[in-house]
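Below is one structure, written out as structure tokens; comments come after it.
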Amino acid sequence: MNIGLFIPCYVDQFYPGAAIATLQLLEKLGVNVKYPKNQTCCGQPMANSGYEHLNGDCNELFIKNFEQFDYVVAPSGSCVLHVKEHLHSSKHPQEASVISNKVYELSSFLTDVLKVESLPAKFPHKVGVHQSCHGQRGLHLSQMSELVADPFSKPGTLLNMVEGIEIVPLNRIDECCGFGGTFCVAEEAVSAKMGQDRVADHLIHGAEYITGVDMSCLMHMEGILHRRGSKVKVLHLAEILNAG
Amino acid sequence: MQNVTKNHAELATEFNKDEERVDWHDETLWWVRQKRDKAAHQLPEWEYLRDTASKIKENVLSNLSGYLQQFEENAEKNGVIVHWAADAAAHNKIVVDLLTANGITKMVKSKSMLTEECHLNEYMENNGLEVIDSDLGERIVQLAKEPPSHIVLPCIHKKKEEIGDLFHVHLGTPEGNADPQLLTEAARQHLRDTFLTRRAALTGVNFAVAETGEFVICTNEGNADMGAHLADIHIASMGIEKIIPERKHLGVFLRLLTRSATGQPITTYSSHFRRPRSGKKIHLIIVDNGRSKQLGREDFRNSLKCIRCGACMNTCPVYRRSGGHSYHSAIAGPIGSILTPNLDMEKYSDLPFASTLCGSCSNVCPVKIDIHQQLYKWRQVIVKNGYTPKSKTVAMKMMSFTLSSPSAYHAGGKVGRWVLKYAPFAINNKLNPWYKQRDMPQPPNASFGEWYAKNRKE
């Protein structure tokens, strides 16, 4: 099984630790992982701002980088959702459609494709789990509080395999953190308030770490934690699953 | 964006100056969302109901002209006088002409978001006619000379103390008294007098049944009934999308509507109007006002399924923290943000961007409108029509160029330069909106790409 590792641009630049953990975790599980070095970005920043029509070259580059793999795996629900919904190509429509179907967010790749049932991970800390919206509501990584349906959680299933971890409860189990791409600067007041409220929920429940499947949400909450001088840290899900 | 008036971000910034009020507004609406969840979870068939409602509306939208004609024919058989209005101006003129022809100068009106959309109150006042809103929340905002901030809870932005002050000035309640029971009683006496003395009453319409020609109005206060039953002339205004094919379909919608809106199993009053009583008249105005245009927009036609429950507002983390008035439109929140650009794309070009695209709105919607997907699609349409600032377009083009070229990306990325250049939050100063309330991430020594090149050999 050949896996193409897709690392979102801001993770590549700002959070290499999350990417390294993703790579090491997949290697530990015995799959053949390669990182195509010419990758850049999925094009989501342009698309969500209304400029999807500028993404032609970006899409072609993505297809060129990832078409040869059996699966494409990324430590991000948001970027994967974007590729699934908006990777189009007039030159290579077939290839684009194949990639949209073989791209996986990390936790769902572990639970649904590799069918992981145990992990050698240890993380003896209190952890708050942030449900990133695009992963949860877009990719259905876990059940959503709005729907009348049985609960499940792919990241939760994996975290439960980690020795010593304590997941803290939250008052609002799946409210948005307010990052929203360019929303975080265009709507600064509401975005920051949403982030502050989300962080407060984790803090009052005694979380030592906040984790999730998307580094973008975690970057937002980290910015607020730092500003407050809080010692609480953010870690990508992969970093906890790869810990110990 | 390019509005003459303030846009959503600016209005939301003003709202957020009072954090205590933002918290109160957020908690109040979150409480309504929780009541909705509780009501929904009591019905194991909830998702099936949503699906059914969505499909019934799908059928309505695909056969709208036929159902409208069937409805008109049956309503006329029942003795209802049917009027058609192409737009807001035509609607308002019909109302005023009806009142003038009957020598009526004062009208009582129950809640109708359509008349808010048409700015009927303003038009009537300009024509020297008086209109009193009889829904308590609407009466409160009317006294405050404000538009409603929510389609179901029009004065949800007001605290009871502020209502006490308003009632003291307008209804003569004791100064400084904010006792809800006292204030409600004062409103009740004031409105009772209005109901008894008005010869014309205007109501909205929640559902219009094509099969029977009847229409249904849902209220919790019974104010639509009080107005309509006591007046000589009942004017009912409805958008063309209010049609449902058969009476049996009401069971689906009535079960969904109030559970979604407030968490109640059903509205206190679900009143069926079929034919006028002897000596009385019912006039029904069927209004298009942009709806047929929206019906023709393939990506956005499903927005016309909306039954105006307000669930998307209550769940929206942005709405709860920016307030209904920040949307500067008759219908606020996520649904307003996909409906209003159809009416005036330039004026409302900011609204589809007032969202993180979290998707909670689509999940609570009782008729399964893909609200967040439509927000995304409106963004594309608004940009293509040129209603975004030029500076944003330039920045996006540069970003697109960089991200399409591995060498440009790597060169820029080495010192995080591309971020500093093209992402506005990269500079730690007061002009940087990210930095105002949040710290920047600590840049690492090497990118993952650089780490990989050193640590994994091909």
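The values are calculated or read from the model by the stated rules, or taken from the named source; none is laboratory data. For clarity, every value in this text was computed on a predicted model and none was experimentally measured. Cβ coordinates were reconstructed from backbone atoms using ideal geometry, including for glycine residues, and neighbour counts include every protein chain displayed.
Would the stretch A:40-58 turn up any residue that is in contact with an Asp or Glu (Cβ under 9 Å, 6 or more places away or on another chain), buried (at least 18 other Cβ atoms within 10 Å of the Cβ), closer than 17 Å to residue A:238 by Cβ and at the interface with chain B (Cβ under 7 Å from one of its Cβ atoms)?
Within the stretch A:40-58, not a single residue is in contact with an Asp or Glu (Cβ under 9 Å, 6 or more places away or on another chain), buried (at least 18 other Cβ atoms within 10 Å of the Cβ), closer than 17 Å to residue A:238 by Cβ and at the interface with chain B (Cβ under 7 Å from one of its Cβ atoms).
Can you tell me which residue is nearest to the other protein chains (Cβ to nearest Cβ) among those in the stretch A:110-164 that are hydrophobic (A, V, I, L, M, F, W, C) and without any contact (Cβ under 8 Å) to a residue 12 or more places away in the chain?
A:148
Taking the condition more than 14 Å from chain A (Cβ to nearest Cβ), under 22 Å from residue B:260 (Cα atoms), in a helix (DSSP H, G or I) and not charged (D, E, K, R), does residue B:363 pass? If you could, list the steps in order and put the result at the bottom.
Details: more than 14 Å from chain A (Cβ to nearest Cβ): no; under 22 Å from residue B:260 (Cα atoms): yes; in a helix (DSSP H, G or I): yes; not charged (D, E, K, R): yes.
Spelling it out, it is not the case that residue B:363 is more than 14 Å from chain A (Cβ to nearest Cβ), under 22 Å from residue B:260 (Cα atoms), in a helix (DSSP H, G or I) and not charged (D, E, K, R).
Every residue in the stretch A:120-142 that is touching a strand residue (DSSP E or B) at 6+ places or on another chain (Cβ under 7 Å), under 24 Å from residue B:372 (Cβ atoms) and in a loop (DSSP other than H, G, I, E, B), please.
Of everything in the stretch A:120-142, those that are touching a strand residue (DSSP E or B) at 6+ places or on another chain (Cβ under 7 Å), under 24 Å from residue B:372 (Cβ atoms) and in a loop (DSSP other than H, G, I, E, B) turn out to be A:130, A:131, A:132, A:139, A:141.
So, in the stretch B:196-213, how many residues would count as being surrounded by 21 or more Cβ atoms within 10 Å (Cβ to Cβ) and either out of contact with any Pro (no Cβ under 9 Å at 6 or more places or on another chain) or in a helix (DSSP H, G or I) (or both)? Talk me through it step by step, then tell me what you get.
Taking the stretch B:196-213 as the starting set, the residues that turn out to be surrounded by 21 or more Cβ atoms within 10 Å (Cβ to Cβ) are B:198, B:200-210, B:213.
Still in the running and either out of contact with any Pro (no Cβ under 9 Å at 6 or more places or on another chain) or in a helix (DSSP H, G or I) (or both): B:198, B:200-208, B:213.
Qualifying residue count, the stretch B:196-213: 11.
Quick check on my filter: what residues within the stretch A:224-242 are within 13 Å of residue A:209 (Cα to Cα) and among the hydrophobic types (A, V, I, L, M, F, W, C)?
A:225, A:232, A:234, A:235, A:237, A:240
Scan the stretch B:337-360 for residues that are in a helix (DSSP H, G or I) and within 19 Å of residue B:293 (Cβ to Cβ) and jot them down.
Once the filter is applied, which keeps residues that are in a helix (DSSP H, G or I) and within 19 Å of residue B:293 (Cβ to Cβ), the stretch B:337-360 yields B:337, B:338, B:339, B:340, B:341, B:342, B:343, B:351, B:352.
Kindly list, by first and then second residue, each pair from a residue in the stretch B:446-458 that is at pLDDT 90 or above and outside any helix (DSSP H, G or I) to a residue that is surrounded by 14 or more Cβ atoms within 10 Å (Cβ to Cβ) and aliphatic (A, V, I, L, M), limited to pairs with Cβ atoms under 8 Å and residues at least 6 apart or on different chains.
B:456/A:23
What number of residues in the stretch B:30-73 are facing chain A (nearest Cβ under 9 Å), more than 23 Å from the chain's Cα centre (by Cα) and of a type in the set (D, E, K, R)?
1
What tally of residues in the stretch B:70-89 results from selecting those that are assigned to a helix (DSSP H, G or I), closer than 19 Å to residue B:289 by Cβ, hydrophobic (A, V, I, L, M, F, W, C) and in contact (Cβ under 8 Å) with a residue 60 or more places away in the chain?
Qualifying residue count, the stretch B:70-89: 2.
Do we find that residue B:156 is outside the structural domain of residue B:205 (by TED's automatic domain parsing), surrounded by 15 or more Cβ atoms within 10 Å (Cβ to Cβ) and either at pLDDT below 95 or in a loop (DSSP other than H, G, I, E, B) (or both) in this structure?
yes
For the structure I just gave you, tell me whether residue B:214 is closer than 23 Å to residue B:86 by Cα and charged (D, E, K, R). Full working, then the answer.
Numbers: closer than 23 Å to residue B:86 by Cα: yes; charged (D, E, K, R): yes.
For residue B:214, the condition - closer than 23 Å to residue B:86 by Cα and charged (D, E, K, R) - is met.
Of the conditions (1) crowded, with 18+ Cβ neighbours inside 10 Å; (2) assigned to a helix (DSSP H, G or I), residue B:108 clears all except one; give me its number.
Every listed condition holds for residue B:108 apart from (2).
With a cut-off of at least 2 residues that are touching a strand residue (DSSP E or B) at 6+ places or on another chain (Cβ under 7 Å) and within 23 Å of residue B:299 (Cβ to Cβ), name the helices (runs of 4 or more DSSP H) lying wholly within the stretch B:1-69.
The qualifying helices (runs of 4 or more DSSP H) are B:46-62.
How many of the residues making up the stretch B:16-34 are surrounded by 14 or more Cβ atoms within 10 Å (Cβ to Cβ) and within 19 Å of residue B:160 (Cβ to Cβ)?
Residues of the stretch B:16-34 that are surrounded by 14 or more Cβ atoms within 10 Å (Cβ to Cβ), as a first pass: B:16, B:21-23, B:25-26, B:28-30, B:32-34.
Checking the rest, the ones that are also within 19 Å of residue B:160 (Cβ to Cβ) come to B:21-23, B:25-26, B:28-30, B:32.
Matching residues across the stretch B:16-34 total 9.
Residue by residue through the stretch A:85-119, note down the ones that are under 14 Å from the mean Cα position of the chain (by Cα) and assigned to a helix (DSSP H, G or I). Quick ask: steps written out before the conclusion?
Step one: filter the stretch A:85-119 for residues under 14 Å from the mean Cα position of the chain (by Cα), giving A:103-110.
Within the stretch A:85-119, A:106, A:107, A:108, A:109, A:110 meet the criteria.
Taking residue A:216 as the residue in question, decide whether it is crowded, with 21+ Cβ neighbours inside 10 Å, part of a helix (DSSP H, G or I) and more than 10 Å from chain B (Cβ to nearest Cβ).
Spelling it out, residue A:216 is indeed crowded, with 21+ Cβ neighbours inside 10 Å, part of a helix (DSSP H, G or I) and more than 10 Å from chain B (Cβ to nearest Cβ).
For the stretch B:228-264, which positions are assigned to a helix (DSSP H, G or I) and touching a Leu at 6+ places or on another chain (Cβ under 8 Å)?
If the condition is that a residue be assigned to a helix (DSSP H, G or I) and touching a Leu at 6+ places or on another chain (Cβ under 8 Å), then B:230, B:240, B:241, B:252, B:255, B:256, B:259 are the ones that fit.
Rundown of residues vs (1) farther than 18 Å from residue B:199 by Cα; (2) buried (at least 20 other Cβ atoms within 10 Å of the Cβ), yes/no style:
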residue: B:217; (1), (2): yes, yes
residue: B:227; (1), (2): no, yes
residue: B:253; (1), (2): yes, yes
residue: B:258; (1), (2): yes, yes
residue: B:269; (1), (2): yes, no
residue: B:281; (1), (2): no, no
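From B:341, B:334, B:352, which residue is in contact (Cβ under 8 Å) with a residue 12 or more places away in the chain, surrounded by 20 or more Cβ atoms within 10 Å (Cβ to Cβ), closer than 23 Å to residue B:138 by Cβ and out of contact with any strand residue (DSSP E or B) (no Cβ under 6 Å at 6 or more places or on another chain)? It would help to see each step written out before you state the result.
Values: B:341 fails: closer than 23 Å to residue B:138 by Cβ; B:352 fails: closer than 23 Å to residue B:138 by Cβ.
Residue meeting the stated conditions: B:334.
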